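Any read-out appearing in this document is the output of simple, stated calculations on the displayed coordinates, not a laboratory observation. On a predicted model such as this, the values are computed, not experimentally measured, just so you know. Backbone-built Cβ (ideal geometry, glycine too); neighbour counts: all protein chains shown.
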Ligand SMILES: [Zn+2]
């Protein structure tokens, strides 16, 4: 049975397979360079800051802040027509790298650049679990 093509799924390759293995286990993995100590994302086999190949995986905290976002009301590519409206966002991880993702479980009028977010995992297929971000459960109005 043929499924319609999907335009939301990544194609893991040698340099990202370990990342997708991580998200399947509920881990957000980034790479740290042992030459300059900086982290980077998306994962590469070398450090984009100093070009060292002495890079290794580590688990990110999963904490992030909203860097920028857009509420998408129209996208004709499957599977998005059944998802609109949704929040396309770039978040900045606590460790520094930024990634493109979706913000979920947040009313659009609560979205605010700089707001705290935490990672959540959305299983899409047997192979692919996407990291998405949502307001922390503890952020229920009164915390400063
Ligand atoms: Zn480096």
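Between the alpha-carbon centres of the stretch 16-50 and the stretch 71-131 there is a gap of 20 Å. In the P(r) worked out for the chain, what percent of Cα pairs fall beyond 28 Å? Pairs farther apart than 28 Å: 24 percent. For the chain, the mean residue ellipticity at 222 nm estimated from helices alone is -1500 deg cm²/dmol, where every DSSP H run of n ≥ 4 contributes -39500 (n - 2.57) and the total is divided by all residues, rounded to the nearest 500. With R₀ set to 35 Å, the beta-carbon distance separating residue 57 from residue 109 gives a calculated FRET efficiency near 0.40.
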